[in-house]
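Beneath this line is the structure, given in structure tokens, with notes to follow.
The values are calculated or read from the model by the stated rules, or taken from the named source; none is laboratory data. Everything quoted here is computed from the prediction, not taken from an experiment. Cβ coordinates were reconstructed from backbone atoms using ideal geometry, including for glycine residues, and neighbour counts include every protein chain displayed.
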Amino acid sequence: MRSSSTPFTHAHARYGSRRAVRARGVLVKTVMTVMAMSAVACGSSAATAADPGNASGVLPPYTGTLLASGRMASLAPAARQEWESYVLASRSGMAADQQRVQGELRTLGAASVRRPPNTASDFTWQSQWTAAWAASTAGRTLISTVRSYQTPSGGWGKHIDYAQGPRQPGMGYNSESDEWAYVGTIDNSATVTEMRLLALAAATDTAAAGAFDRGLSYLLQAQFPGGCWPQVFPLMGSYHDAITNNDDALVNVVRLLRDVSFGRHAFVRAGRRAQAAVAVDRASNCLVAIQVVVDGARTTWAQQHDPITGVPVIGRSYELPGLAGREGARVMDVLMEDPAPSATVAAAVHAAAAWYRRTAIPNVVYIADAGLVTSQGSGPLWPRVTEINSGRALFANRDGIPLYDYALLTDRRSGYAWYSSEPASSLNRYATWSRVHPQQLR
């Protein structure tokens, strides 16, 4: 386990004053520019340059920009050492993953990696999954298949069609393309769902228990020195190396680790439960540290944050840095699930709730073809992304140009939820939570 030193060199740099806005804007633009250059140079992800077979036997290089050595050079020595050790662990994990595939190819006498079977569906929890089901033939078959796809570094890829049977020698771990990408990810519920499935059988199945424990080690290793998580580990480059709230990636991990720390998976040893508890505390501290502050007031969170500075950063080309209505509410939820929140966590929740109340849009419905349409009694809704300083809804097509008029959306008008009602549920939970944890007025 790494230490939990204070991570963020720009934590809570304020938005609001002209000087702060200008300085913060330069920082955000710099990060966006560096990441965009990386994407152009490396294709759809910085990981495309990695040797999928690692035939050279040396550690693959780190090809991203967010944790490039030049960025870490300005950190204090202790922090720099933590981050350098983290990147080295990532490179070692990627080497182990690639070497397994390369060894299998040599044994088979094959030249190219086979792609696993793909499904468009996320691997998500199913209501029929119980301990009794896990002991059935169907349950044992799926659990065995899931174990076969665990990477040497301990995680899982995404969108693998487990119904097609176990992984075969010479297969990679990316079902979506021939790139070395998403080899170990928490995106789209991956890794966390596999571990929850394994936990059903782990009390009586030592292989399932061992795979769960390796998954736990993976999540602890993937945790940034600052306490949050990237979307992909070993690191893949581009926005995948950012702190990722998008699609509940970080929230899913915190919930699983909290369950482990509370002893809800009785087969997990006491020492491992303690490690999970430390990881959850570090994650809570990280989330408090990166909460966006505007005009001196805490607001909500972004979809992605810079792992070193905590600044909101760009994700996919149309996911511009901003205040994330849906994802921020999910962060608020997971902080409220802490049964004994610290004063700083409680303050972060109260502030986020106040922001959501201020920014709710009542009496509207969201229609993909038209955007917001007036409908008395409907709503409230919140933008998926709100511009940090202006408070305007922020949109973009795949070209990444900021837009403020929904009518200008073309290739991203459909297939992406630009408005969400989910924060309303979070505010309902907050109404109950706040009675137990009343706001401490200064």
Query raised in the report: Looking at L441, is it closer than 20 Å to V349 by Cα and modelled with pLDDT under 95?
Result: yes
Report summary line: Counting only residues in segment 393-405 that are of a type outside the set (G, A, S), surrounded by fewer than 17 Cβ atoms within 10 Å (Cβ to Cβ) and touching a residue at least 24 places away in the same chain (Cβ under 8 Å), the one nearest to Y356 (Cα to Cα) is identified as P402
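Looking at W382, is it crowded, with 21+ Cβ neighbours inside 10 Å and assigned to a strand (DSSP E or B)?
Numbers: crowded, with 21+ Cβ neighbours inside 10 Å: yes; assigned to a strand (DSSP E or B): yes.
When the stated conditions are applied, W382 passes them.
Do the conditions hold for R91, that is, is it at pLDDT 95 or above, in a helix (DSSP H, G or I) and within 21 Å of the chain's Cα centre (by Cα)? Spell out how you get there, then give the answer.
Values: at pLDDT 95 or above: yes; in a helix (DSSP H, G or I): yes; within 21 Å of the chain's Cα centre (by Cα): yes.
Criteria met by R91.
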Report summary line: Only one of (1) more than 30 Å from S426 (Cα to Cα); (2) in contact with a Phe, Trp or Tyr (Cβ under 8 Å, 6 or more places away or on another chain); (3) small (G, A, S) does not apply to S217, and that is (2)
Report summary line: R357 fails exactly one of (1) farther than 18 Å from C228 by Cα; (2) of a type in the set (D, E, K, R); (3) not in a helix (DSSP H, G or I), namely (3)
Query raised in the report: If the Cβ limit is 7 Å and pairs must be 6+ apart or interchain, which residue in segment 320-339 that is in contact (Cβ under 8 Å) with a residue 40 or more places away in the chain pairs with which residue that is of a type in the set (D, E) and part of a helix (DSSP H, G or I)?
Result: R326/E422; A329/E422; R330/D248
Requested in this report: Please tell me if R80 is farther than 25 Å from D178 by Cβ, at pLDDT 95 or above, surrounded by 12 or more Cβ atoms within 10 Å (Cβ to Cβ) and basic (K, R).
Outcome: yes
Query raised in the report: Among (1) without any contact (Cβ under 8 Å) to a residue 24 or more places away in the chain; (2) in a strand (DSSP E or B), where does S390 come up short?
Result: (2)
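Mind listing whichever residues of segment 317-352 are among the aliphatic types (A, V, I, L, M), in a helix (DSSP H, G or I) and within 22 Å of the chain's Cα centre (by Cα)? Spell out how you get there, then give the answer.
At the first step, the residues of segment 317-352 found to be among the aliphatic types (A, V, I, L, M) are 320, 323-324, 329, 331-332, 334-336, 340, 343, 345-349, 351-352.
Narrowing the set further to residues that are in a helix (DSSP H, G or I) leaves 329, 331-332, 334-336, 343, 345-349, 351-352.
A329, V331, M332, V334, L335, M336, V345, A348, V349, A352, listed by residue number.
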